[in-house]
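Quick notes on the structure that follows.
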Amino acid sequence: MQDFAANHPDWCEFSNYWMPEVARFGESRGLSRHETTLTTAWKIGEDLAGRLAIAAGIAAPPNYRDELELLIRMKFRTRDKFCEATGLSEDTLSKLLSKQPDLPVDTLTDALEKIGYTIHFAPLPDLK
């Protein structure tokens with residue numbers, strides 16, 4: 001799959017290739033579609049497609065807002081439960097997640113500490 005992505009950097013072309021290819025791989029092993037989407041091969045296809053989309057400028061790399069949204073979905077299920085636990089207002093959270101002006105770092109740090117999380121720095125991934 002990596003060779004195909006390297007030689008066919010067009011996101012649409014790669015996506016039309018990898019999904020059916022991995023689906024056939026799963027079917028040949030008796031996996032259901034859902035089981036196939038849980039395989040390493042599927043995750044690699046998604047990752048490569050995402051990198052090609054970012055390189056083509058049709059998607060943006062994930063940022064802290066994406067991580068925050070995922071945290072809310074996985075740990076709290078709803079925004080209002082997250083706000084209740086962190087002390088952030090729903091209006092503030094809504095503005096933050098809709099890419100309006102950022103919260104001061106201290107405000108976000110204090111809110112995350114209330115639920116046992118913190119902000120950290122990490123190197124940007126090599127998306128090429």
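The values are calculated or read from the model by the stated rules, or taken from the named source; none is laboratory data. The shown structure was predicted, so the numbers you read here are calculated from the model rather than taken from an experiment. Counting neighbours? That spans all protein chains shown, and the Cβs are built from the backbone with ideal geometry, glycine included.
Considering Ala122, Ala55, which residue is within 30 Å of Asp10 (Cα to Cα), of a type outside the set (D, E, K, R) and not in a helix (DSSP H, G or I)?
After ruling out the rest, the residue left standing is Ala122.
Can you say whether Ile72 is assigned to a loop (DSSP other than H, G, I, E, B), modelled with pLDDT of 95 or more and surrounded by 12 or more Cβ atoms within 10 Å (Cβ to Cβ), as far as the supplied structure shows?
Answer is no for this residue.
Which residue out of Asp47, Asp66 is under 19 Å from the mean Cα position of the chain (by Cα), in a helix (DSSP H, G or I) and within 30 Å of Pro104 (Cβ to Cβ)?
Asp66
Out of Ser98, Ser32, Ser28, Ser94, which single residue is more than 20 Å from Met1 (Cα to Cα), in the same structural domain as Glu13 (by TED's automatic domain parsing) and out of contact with any Cys (no Cβ under 9 Å at 6 or more places or on another chain)?
Ser32
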